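Right, one structure below, let's go through it.
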Amino acid sequence: MTVETVPSQVGVYAQSSNTKEGFLVNTFIRILFIATFVITTASLCMAQNPPPPPPPPAKDYSPQVWQEFSPPEGRFKIKLPGEPQKIVKEREVGGAKQPVYTFNYGTTSFIVYTLSYTDYPQALEEEQTVKKFLDGYREGRLAALATANYRVVSESEFLLEGHPARLLQVEVEKSKMLRMKTVVVGQRLYSLVVLTSIDPPMAMGSEKGYEKIAMAFLDSFRLIASADKK
């Protein structure tokens, strides 16, 4: 009697199943290895070539790196974030035409720095006349804001290196802060103006309408005696 051996269907299926599972496991291991290799390589590259640091903030935010500006015949020095634009115009001053020198830097969307000076035909620093002159100059500047909604925040009188000076702070349209320092030296009037935005407190350096930055400009103003001017 002959007995035939018939392959077990279960065995065949188990073998086939094991083959598929093995293939899937091997494929998964290869993918995992490749992914690990890529991640490790990328990490090493990043370690060797770190991303560039973020750009430094605009110079306006860092008065300690501002450059000193001292134009010929100006007899002053002051610090600014960059080189200002010079404008020279003639206008009626004390009954005579006199050149007015103006230096501007910045943009109205952020901060505008302005310094101007002019010489009058008569002495301004006389005790009897200087207060009246500065009062009139103040009123003239405020009159220029007549069409705007403005509020005088503060005003003070002081001596700058022994010369009469004033500081006026005005809020304009609840969105801008104007700070003006005026200094009388003999026959010359210096006028320094900073116009800043009033931004939310979270903006860098925006406290009190960028007060720290504005005052850094105004407080850097120094007089230079004619004999010392190089």
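Here is how the numbers come out for the structure above:
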{"read-out": "Yes/no for Tyr190 being in the same structural domain as Tyr150 (by TED's automatic domain parsing), part of a strand (DSSP E or B) and not basic (Lys, Arg)", "value": "yes"}
{"read-out": "Residues of segment 148-177 classified as of a type in the set (Val, Ile, Thr) and either closer than 16 Å to Lys132 by Cα or not assigned by TED's automatic domain parsing to the domain that holds Gly209 (or both), total", "value": "0"}
{"read-out": "Hits in segment 193-230 (condition: over 18 Å from the mean Cα position of the chain (by Cα) and modelled with pLDDT of 90 or more)", "value": "Phe221, Arg222, Leu223, Ile224"}
{"read-out": "Subset tally (residues that are more than 18 Å from Gly209 (Cβ to Cβ), of a type outside the set (Ser, Thr, Tyr) and in contact (Cβ under 8 Å) with a residue 40 or more places away in the chain) for segment 99-129", "value": "7"}
{"read-out": "Output for segment 96-116, where each listed residue is at positive phi and outside any strand (DSSP E or B)", "value": "none"}
{"read-out": "Where a residue in segment 82-93 is within 18 Å of Tyr113 (Cβ to Cβ) and its partner, wherever it lies, is assigned to a loop (DSSP other than H, G, I, E, B) and of a type outside the set (A, V, I, L, M, F, W, C), with Cβ under 8 Å and at least six apart", "value": "Lys86/Pro71"}
{"read-out": "Selection from segment 156-178 of residues that are farther than 17 Å from Leu195 by Cβ and either part of a strand (DSSP E or B) or of a type in the set (Lys, Arg) (or both)", "value": "Ser156, Glu157, Phe158, Leu159, Leu160, His163, Pro164, Ala165, Arg166"}
{"read-out": "Residue satisfying condition, being among the charged types (D, E, K, R), closer than 23 Å to Thr102 by Cα and surrounded by fewer than 17 Cβ atoms within 10 Å (Cβ to Cβ), within set Glu161, Glu173", "value": "Glu161"}
{"read-out": "Cross-chain or 6+ apart pairs with Cβ under 6 Å, segment 197-219 first and under 20 Å from Val152 (Cβ atoms), then basic (Lys, Arg)", "value": "Ala214/Arg179; Leu218/Lys181"}
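The values are calculated or read from the model by the stated rules, or taken from the named source; none is laboratory data. Small disclaimer: the values here were computed from a predicted structure and weren't measured. Using ideal geometry, Cβ is built from the backbone for each residue, glycine included, and neighbour counts are taken over all protein chains shown.
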